[in-house]
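Before any comments, here is the structure.
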Amino acid sequence: MHDIRHLLPSSEAKFKDSGITKAGELLKAWNGSPASGIGLIGAPLSKTSISHSGAAMAPEVIRKMLSSFTTYSVERDLDLESSIITDFGDITPHVTDIHETRSRFVQVIQEVLERNPDIVPVILGGDHSISASSIKAFRKNKGPVGVIQFDAHHDLRNLGDGGPSNGTPFRQLIEGTDIKGEHLIQIGIRDFSNGRMYTNYAKENGITVYSMNEVSRLGTKKILEESIRTLKSKVSSIYVSVDMDVLDQAYAPGCPAIGPGGMTSEALIQGIQYLSACPEVKGMDIVEVDPTLDFRDMTSRLSAYLILQFLLHRASYKEKNHPEE
Ligand SMILES: N=CN[C@@H](CCC(=O)O)C(=O)O
Ligand SMILES: [Mn+2]
Ligand SMILES: [Mn+2]
């Protein structure tokens, strides 16, 4: 101990504005009792990626990026400083056995949902293979589930060529009868990023596909209004899967499968804002962010921003509709 003013331990020596709370401060480690509100679960897996990926690093970096933001929404004039984001931690993958990893993901997410019935989980991948496990866990816990998938790709590849990977999660879910094709809505599918065989598979299985042209023509909000209307009469909960490569490469340099002609970050943000205010949406994942490829953490930062928008719009919806809770 010493008494030299302005000389602090390195972790505390940063500039602190007394009028501002950083969003990173909202994260609170789960203490084992039932939590409510938004909860983060890390699924740090990228060994299953078809192309080189360090997406296993994303949960750590996305959490860190929350501190790039304050807790105040100027648009809503609402400060989230007293909100909590429960941090459930990361699920440990097996080092070599991918099937063991998958069953750990299903089992842990299922148990978290069982013990925290009021939690709205945001699962941080990882590559997109993790959604096969998280959506399976959802179906086991919540019954029939509808999925809204933002993605440049169908992710309906055959399993014969390479086993379960980031290119196959929705095919696994359909073939494993965890979801029905007619309960899957794909938004942002784009040219020269898929094969005809898989677009045909989507058609044959009743999957609704909105290509990038349709996203530009109709707008995200109209598509989502229609999607929620269709799904809510058929399923008991809706899960939103956000593959960040749905964005144009200009907005998401940290995705392994970047490309031109994708969505703007503004369109995706507006989509997440809309979905956050839909009570049928009971969970979300954010996948395919590789911090080792990213530029100035742009893609991780945008992921953290989506989490905050989800928190904000869920909180505003609750305040308006259930002020007593
Ligand atoms: N989730 C991503 N799926 C894409 C990209 C695969 C990759 O290049 O890693 C796909 O199947 O084409
Ligand atoms: Mn993709
Ligand atoms: Mn994908």
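Roughly how many Å is it from the Cα centre of segment 155-182 to that of segment 65-139, as a whole number? Cα centres, segment 155-182 to segment 65-139: 21 Å.
Can you give the Kirkwood hydrodynamic radius of segment 1-107 from its Cα pairs, in Å with one decimal?
Details: mean 1/r = 0.0589 Å⁻¹.
Taking the inverse mean of 1/r over all distinct Cα pairs, segment 1-107 comes out at 17.0 Å.
Placing unit charges on the Cβ atoms of the charged side chains and taking the dipole of segment 191-308 about its Cα centre, the candidate lying farthest along the positive direction among Ala257, Met284, Phe295 is Met284. Rolling a 1.4 Å probe over the heavy atoms of the protein chains gives segment 240-308 an accessible area of 31 Å² per residue.
Computed per residue of the chain from DSSP H runs no shorter than four, each worth -39500 (n - 2.57), the mean residue ellipticity at 222 nm is -10500 deg cm²/dmol.
Here segment 179-258 is treated as a sphere whose radius is the Kirkwood value from Cα pairs; by Stokes-Einstein at 4 °C and 1.567 mPa s it diffuses with a coefficient of 94 µm²/s.
Evaluate the charge dipole of the chain about its Cα centre and quote only its size in Debye, nearest 20, assuming +1 on the Cβ of each Lys and Arg and -1 on the Cβ of each Asp and Glu.
Numbers: 34 positive and 41 negative charges, 98 e Å.
It works out to roughly 480 debye.
Modelled label positions at Arg115 and Val74, each set 7 Å beyond Cα in the direction of Cβ, lie 4.1 nm from each other.
On alpha-carbon atoms, Rg over Rh for the chain using Kirkwood Rh?
On the way: Rg = 19.4 Å, Rh = 20.0 Å.
That ratio equals 0.97.
Calculate the translational D of segment 38-195 in whole µm² s⁻¹ from Stokes-Einstein, where the hydrodynamic radius comes from the Kirkwood formula applied to all Cα pairs, the temperature is 37 °C and the viscosity 0.692 mPa s.
Numbers: Rh = 16.8 Å.
This corresponds to a translational diffusion coefficient of 195 µm²/s.
When the pairs Lys64/Lys222; Lys28/Lys180; Lys64/Lys282; Lys16/Lys47 are compared against a 30 Å limit on Cα-Cα distance, Lys64/Lys222; Lys28/Lys180; Lys16/Lys47 fall above it.
Cα gyration tensor of segment 248-324, axes a ≥ b ≥ c as square roots of the eigenvalues: rounded (a/c below 1.5), prolate (a/b > b/c) or oblate?
Values: a/c = 2.86, a/b = 2.36, b/c = 1.21.
Cα axes put segment 248-324 in the prolate bin.
Among Val145, Val95, Val74, the largest mean-square fluctuation in a Gaussian network model of the chain, built with springs joining Cα atoms closer than 10 Å, belongs to Val74. Normalised by residue count, segment 233-273 yields a Cα convex hull volume of 98 Å³ per residue.
Net charge near Ser68, counting Lys/Arg +1 and Asp/Glu -1 over other residues with Cβ under 12 Å of its Cβ?
Numbers: positive: Lys22, Arg63, Lys64, Arg296, Arg301; negative: Asp297.
Combined, the nearby Lys, Arg, Asp and Glu give +4.
Scanning residues 5 or more positions from Asp87 or on other chains, those with amide H under 5 Å from its amide H are Lys28, Ala29, Trp30, Leu40, with H placed 1.01 Å from N in the peptide plane.
Sort out the exposed loop trypsin sites (Lys or Arg not before Pro) in the chain (DSSP loop, at most 14 other Cβ within 10 Å) and tell me the longest stretch that has none. The reported range is 77-233. Seen from Ala23, the other residues with C-beta closer than 14 Å to its C-beta sum to a net charge of 0, counting Lys and Arg as +1 and Asp and Glu as -1.
Quick one: work out the % antiparallel among DSSP beta bridges in segment 186-325, nearest 5. If you can, show how the numbers build up before the last one.
Values: 0 of 10 bridges.
Antiparallel bridges: around 0 percent, rounded to the nearest 5.
Computing the accessible area with a 1.4 Å probe over protein heavy atoms, can you report the carbon and sulfur percentage for the chain? Whole-percent figure for carbon plus sulfur exposure: 51. Each part reduced to its alpha carbon centroid, segment 4-62 and segment 202-252 end up 29 Å apart.
The values are calculated or read from the model by the stated rules, or taken from the named source; none is laboratory data. No experiment lies behind these values; they were computed from the predicted model shown. Backbone-built Cβ (ideal geometry, glycine too); neighbour counts: all protein chains shown. All accessible areas refer to the heavy atoms of the entire protein, side chains included, with ligands and DNA or RNA removed. Shrake-Rupley method; radii C 1.70, N 1.55, O 1.52, S 1.80 Å.
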